[in-house]
Amino acid sequence: MKLVEKEVAASRTIMTQTVFPNDVNNNDTLYGGRLLDWIDMLGGIVAKKHSRSAIVTVSIDSLNFLNPIRQQDIVTLEAWVNYVGTTSMEIEVRVTSENPFTAESSKNCRAFLTYVAMDEEGHPKEVPRLILLNEEEKERFEKAKERRAERLRRRDLTATEW
């Protein structure tokens, strides 16, 4: 069966959340784990939309918290596919927040996640190729290839040092 190629825009997804009291720590800022949950959830949605299959999270890297997110802030997460291999996909998630009372906004986090598409028996399955329409998408694809090589190098080091 020939896989259909897909454009980046076909699976690009935006999710918006409000930070409630049960989402914050005693500094009145969003728990990092809560944000990580939202990031993985959205990344998984994008991976499923691209592959149209079950997926598993393989890695999360380059997750940096840049600015705090406070209670009542409106948090926007935007995600898209940067790169596809044979069975894997790198998804980029960018997080911004907005104070709903002042309209002040900030860049909060950027993360790269790798997912693998799975067939009905739980084995990795091939994913559609990515159609790159502009220079920005091509540049993100090339940088993602570099990150993939680094992830594989780190994985091999971790496996041998275990």
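At 0.36 nm per residue, minus the direct Cα-Cα distance, what do Leu36 and Glu142 gain on full extension? Give it in nm, one decimal, please.
35.6 nm
Gln72's amide H: which non-local residues (gap 5+, or another chain) put their own amide H closer than 5 Å, with H modeled 1.01 Å from N in plane and none for Pro or chain starts?
Close amide H contacts, sequence-distant or interchain: Val19, Phe20.
Would you mind checking region 38-61 for residues with the amide N under 11 Å from a putative spin-label position 7 Å along Cα→C-beta of Glu150?
61
Which far-off residues, 5 or more places away or on another chain, put their amide H under 5 Å from the one on Tyr31, with H placed in the peptide plane?
The answer is Val24, Asn25.
Using θ = phi - 60° and the Karplus form 6.51 cos²θ - 1.76 cosθ + 1.60, what ³J(HN,Hα) does each residue of region 16-23 get, whole Hz, x for Gly and Pro?
Using θ = phi - 60°, the values come out as 10, 10, 10, 8, 9, x, 6, 9 Hz.
Taking H as built 1.01 Å from N, whose amide H comes closer than 5 Å to the amide H of Cys109, not counting residues under 5 places away?
Residues meeting the amide H criterion: Leu66, Val95.
With a 10 Å radius around each residue's Cβ, average the other Cβ atoms per peptide and rank 74-84, 49-59, highest first. Each step should come with its number before you reach the end.
Numbers: 74-84: 21.5, 49-59: 17.9.
Answer by packing, highest mean first, reads 74-84, 49-59.
I'd like the orientation of helix 32-51 relative to the chain: the angle between its Cα long axis and the longest Cα principal axis, in ° from 0 to 90, rounded to 10.
That works out to roughly 40 degrees.
Quick one: helix 135-161 against the long Cα principal axis of the chain, what's the angle to the nearest 10°, folded into 0 to 90?
80
Report the calculated FRET efficiency for Asn99 and His123 (r = Cβ-Cβ distance, R0 = 35 Å), to the nearest 0.05.
Computed FRET efficiency for Asn99 and His123 comes out at 0.15.
Values quoted throughout were computed directly from the atomic coordinates according to the rules given, and no laboratory measurement underlies them. Only a predicted model underlies this, so the values are computations on that prediction, with no experimental measurement involved. Here Cβ is always computed from backbone atoms with ideal geometry, including for glycine, and neighbour counts include all displayed protein chains.
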